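Enquirer: To start, I am sharing the structure in question, which I have written as structure tokens.
The values are calculated or read from the model by the stated rules, or taken from the named source; none is laboratory data. Quick caveat, the model's predicted, so the values are computed rather than measured. Quick reminder, even Gly has a Cβ in these numbers, built from the backbone with ideal geometry, and neighbours come from all protein chains shown.
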Amino acid sequence: MKLLSLILFFWLYINICSISQSSDNQYRKPLIEVLDNIEIRFNVNLEYSSDLVKDLWLENADWRFRPDLEKTLNNVLLPLDLMYVKKDQTTYKIRKYRYARITVEDGREILDYLSSLYNDIHSWEKRKNELRQCMFKALSLSTLPEKPESKPVIKHKRKMNGYSVQNIAIETLPGLYVCGSLYSPLKQKEKVPVILCPNGHFEGGRYRDDQQYRCAMLARMGAVAVSYDLFAWGESLLQFKPEDHHRSLAMTIQALNSIRILDYLLSLKNVDTSRVGITGASGGGSQTMLISALDDRIKVSVPVVMLSSYFYGGCPCESGKPVHLCGNGTNNVEIAGMAAPRAQLVISDGEDWTAHVPEIEYPYLQKIYGYYGKEGNVQNIHFPDEGHDYGYNKRIATYDFMARHLGLNISAVKDRKGNIDESDCIIEEESELYVFGKNGEDLPAYAIKKFEDLEDLFNRSLIE
């Protein structure tokens, strides 16, 4: 009986509060009450933590409702720096606002707007050049820092089935190293292509099986492939803390690392400077699109499970610098378009933010490539039943595309039945791929050991 009385009291209190609302109190309501009303009115389930909405009040609450659910959610959430993510037809997750993620429809509208800014090769080239200059400036790389004079550290050559692996570290700023694994074909009768393979935000980084498979296969097909760490990831953790990866300067350092690695590889006598590719998934896909947009030396790009008009990359190493604010606003699709008319394969799947590529992002890229009469140079392979990874089917698609556009020998990796076969690749233990020893004992004594020193060094390089 007592419980029933409490429930009745609460119900009366809520109704009295609603009736007593007026412009004098800005029609204020607790956010949790507004969200409850949304669930009832639209017959949906809203997921959120109690801490997220605790003590939050919304002014003009009932005036924000619209016949459309998602317009109502935007009206209610955005003033409180909140947003929603649609999980399925009846479930929406409420979270803090994230600048790097918008709705699918917002992404479509932005892409339509961007597409309206140009209608031929001349207007597009003008836009592209403006974007590129701004992007370099946003990264603080309009003038690249002076290269260190040191030679790369190259160690521990292992000969495998048709390829070799070496551990490599390149000093990109004084005391700053990017570490990687260099895969090369054993038999080189002529100059060979180069393929950059930045790793993404997957556990294990460049030590992962799929990363090793990809680089080994590309080397067996006749290319020099280099797999390298994200900033403050992998062996970079000998110099920095994991949380440093989530600082905005990480985006700049990763771009500089890619450029410096490419500088070195293209200086080798056995390399064909006209045949250069890049491919990565997730965060590696972000780097693939960015570096292809900035550096015309890249001739073939394969961004994997990353292209999206409504997701800009949730890590500051992907969107921490205002690159996407260039040109009064751009996105990863327009940035990917900057690779045109160079060959590009976009690999997407049905379980992440690339789910809409076939009907939204890919037609835009075809339009851009059409300005050059090169629609055939851009392709999309979509795996609707696969998820966010660089899995076997995605790798197979990459091997075929790279072979066709970089002149690689794909027959070298096929079995007797003509199927691409990765079984001859050797997957090494993580420790075998270390450049500076199992405990970092070989890291030079003068190497930078904290983020603040890197910041100071980089800022001084800008002044000089």
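Enquirer: If the requirement is being in contact (Cβ under 8 Å) with a residue 12 or more places away in the chain, more than 24 Å from ILE368 (Cβ to Cβ) and either among the aliphatic types (A, V, I, L, M) or in contact with a Phe, Trp or Tyr (Cβ under 9 Å, 6 or more places away or on another chain) (or both), which of these qualifies: LEU265, LEU237, LEU290? Even if it seems obvious, please write down each step before you answer.
Expert: On the way: LEU237 fails: in contact (Cβ under 8 Å) with a residue 12 or more places away in the chain; LEU290 fails: more than 24 Å from ILE368 (Cβ to Cβ).
Unique residue meeting the criteria: LEU265.
Enquirer: From the list LYS137, LYS157, LYS126, which one is basic (Lys, Arg) and in contact with a strand residue (DSSP E or B) (Cβ under 8 Å, 6 or more places away or on another chain)? Spell out the reasoning first.
Expert: Numbers: LYS137 fails: in contact with a strand residue (DSSP E or B) (Cβ under 8 Å, 6 or more places away or on another chain); LYS126 fails: in contact with a strand residue (DSSP E or B) (Cβ under 8 Å, 6 or more places away or on another chain).
Exactly one residue qualifies, and that residue is LYS157.
Enquirer: In the list ALA225, ALA250, ALA219, ALA232, which residue meets the criterion of being in contact with a His (Cβ under 7 Å, 6 or more places away or on another chain) and either at pLDDT 95 or above or not assigned by TED's automatic domain parsing to the domain that holds ARG342 (or both)? Step through it out loud before you land on a result.
Expert: Details: ALA225 fails: in contact with a His (Cβ under 7 Å, 6 or more places away or on another chain); ALA250 fails: in contact with a His (Cβ under 7 Å, 6 or more places away or on another chain); ALA219 fails: in contact with a His (Cβ under 7 Å, 6 or more places away or on another chain).
Checking each option against the conditions leaves just ALA232.
Enquirer: Only one of ASP296, ASP263 is modelled with pLDDT of 95 or more and assigned to a helix (DSSP H, G or I); which?
Expert: Working: ASP296 fails: assigned to a helix (DSSP H, G or I).
None of the other options fit; the residue is ASP263.
Enquirer: Is it the case that region 144-158 has a residue that's crowded, with 16+ Cβ neighbours inside 10 Å, of a type outside the set (A, V, I, L, M), more than 23 Å from LEU294 (Cβ to Cβ) and out of contact with any Leu (no Cβ under 9 Å at 6 or more places or on another chain)? Walk me through how you get there before you give the answer.
Expert: If we filter region 144-158 for residues that are crowded, with 16+ Cβ neighbours inside 10 Å, which is where we start, we get 145, 152-153.
From what is left, the residues that are of a type outside the set (A, V, I, L, M) are 145, 152.
The next check asks that each one be more than 23 Å from LEU294 (Cβ to Cβ); those that pass are none.
No, region 144-158 contains no residue that is crowded, with 16+ Cβ neighbours inside 10 Å, of a type outside the set (A, V, I, L, M), more than 23 Å from LEU294 (Cβ to Cβ) and out of contact with any Leu (no Cβ under 9 Å at 6 or more places or on another chain).
Enquirer: Turning to a different aspect of this structure: If you check GLY407, GLY418, GLY440, which single one turns out to be farther than 30 Å from LYS191 by Cα, more than 26 Å from the chain's Cα centre (by Cα) and either outside the structural domain of PRO341 (by TED's automatic domain parsing) or of a type in the set (Gly, Ala, Ser) (or both)? First the steps, then the outcome.
Expert: Working: GLY407 fails: farther than 30 Å from LYS191 by Cα; GLY418 fails: farther than 30 Å from LYS191 by Cα.
So the residue among GLY407, GLY418, GLY440 that is farther than 30 Å from LYS191 by Cα, more than 26 Å from the chain's Cα centre (by Cα) and either outside the structural domain of PRO341 (by TED's automatic domain parsing) or of a type in the set (Gly, Ala, Ser) (or both) is GLY440.
Enquirer: Quick one: in region 351-397, which of the residues that are among the acidic types (Asp, Glu) and more than 17 Å from VAL104 (Cβ to Cβ) is surrounded by the fewest Cβ atoms within 10 Å (Cβ to Cβ)?
Expert: Initially, region 351-397 is screened for residues among the acidic types (Asp, Glu), giving 351-352, 359, 361, 375, 385-386, 389.
Add one more test, that the residue is more than 17 Å from VAL104 (Cβ to Cβ), and what stays is 375, 385-386, 389.
Working: GLU375: 16, ASP385: 8, GLU386: 18, ASP389: 21.
So the residue we want is ASP385.
Enquirer: Now a separate question. Please enumerate the residues belonging to region 325-344 that are part of a strand (DSSP E or B) and crowded, with 24+ Cβ neighbours inside 10 Å. Quick ask: steps written out before the conclusion?
Expert: We begin by selecting, within region 325-344, every residue part of a strand (DSSP E or B); these are 343-344.
The answer is GLN344, and nothing else.
Enquirer: Then there is this: For the condition touching a helix residue (DSSP H, G or I) at 6+ places or on another chain (Cβ under 8 Å) and of a type in the set (D, E, K, R), what is the one hit in GLU428, GLU359, GLU441?
Expert: Values: GLU359 fails: touching a helix residue (DSSP H, G or I) at 6+ places or on another chain (Cβ under 8 Å); GLU441 fails: touching a helix residue (DSSP H, G or I) at 6+ places or on another chain (Cβ under 8 Å).
Answer to the selection: GLU428.
Each row is one residue, and each column tells you yes or no for (1) touching a helix residue (DSSP H, G or I) at 6+ places or on another chain (Cβ under 8 Å); (2) assigned by TED's automatic domain parsing to the domain that holds CYS326; (3) part of a helix (DSSP H, G or I); (4) farther than 23 Å from ILE360 by Cα.
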| residue | (1), (2), (3), (4) |
| --- | --- |
| ASN60 | no, no, no, yes |
| TYR84 | yes, no, no, no |
| TYR92 | yes, no, no, no |
| ASP106 | no, no, yes, no |
| TYR113 | no, no, yes, no |
| ASN129 | no, yes, yes, yes |
| CYS134 | yes, yes, yes, yes |
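Enquirer: Still on this model: Could you list, in sequence order, all residues of region 309-324 that are over 12 Å from the mean Cα position of the chain (by Cα), outside any loop (DSSP other than H, G, I, E, B) and more than 11 Å from MET289 (Cβ to Cβ)? Quick ask: steps written out before the conclusion?
Expert: Keep residues of region 309-324 that are over 12 Å from the mean Cα position of the chain (by Cα), which gives 309-310, 321-324.
Still in the list and also outside any loop (DSSP other than H, G, I, E, B): 322-324.
PRO322, HIS324 - these are the residues of region 309-324 that are over 12 Å from the mean Cα position of the chain (by Cα), outside any loop (DSSP other than H, G, I, E, B) and more than 11 Å from MET289 (Cβ to Cβ).
Enquirer: Among the residues of region 41-55 satisfying the criterion of being under 13 Å from LYS96 (Cα atoms) and among the hydrophobic types (A, V, I, L, M, F, W, C), which is farthest from the chain's Cα centre (by Cα)?
Expert: VAL53
Enquirer: Return the total of residues in region 411-442 being in a loop (DSSP other than H, G, I, E, B), aliphatic (A, V, I, L, M) and closer than 17 Å to MET217 by Cβ.
Expert: Going through region 411-442 one residue at a time, the tally reaches 2.
Enquirer: Which of the residues spanning region 195-206 are surrounded by fewer than 24 Cβ atoms within 10 Å (Cβ to Cβ) and part of a strand (DSSP E or B)?
Expert: none
Enquirer: Assuming LYS449 fulfils every condition listed in (1) in contact with an Asp or Glu (Cβ under 8 Å, 6 or more places away or on another chain); (2) of a type in the set (Lys, Arg); (3) not in a helix (DSSP H, G or I) apart from one, which condition is it?
Expert: Checking LYS449 against (1) in contact with an Asp or Glu (Cβ under 8 Å, 6 or more places away or on another chain); (2) of a type in the set (Lys, Arg); (3) not in a helix (DSSP H, G or I), the one that fails is (1).
Enquirer: Next question, about the same structure. Restricted to region 144-154, and to residues that are in contact (Cβ under 8 Å) with a residue 60 or more places away in the chain and in a loop (DSSP other than H, G, I, E, B), which residue is farthest from ILE253 (Cα to Cα)?
Expert: In this case the residue turns out to be PRO152.
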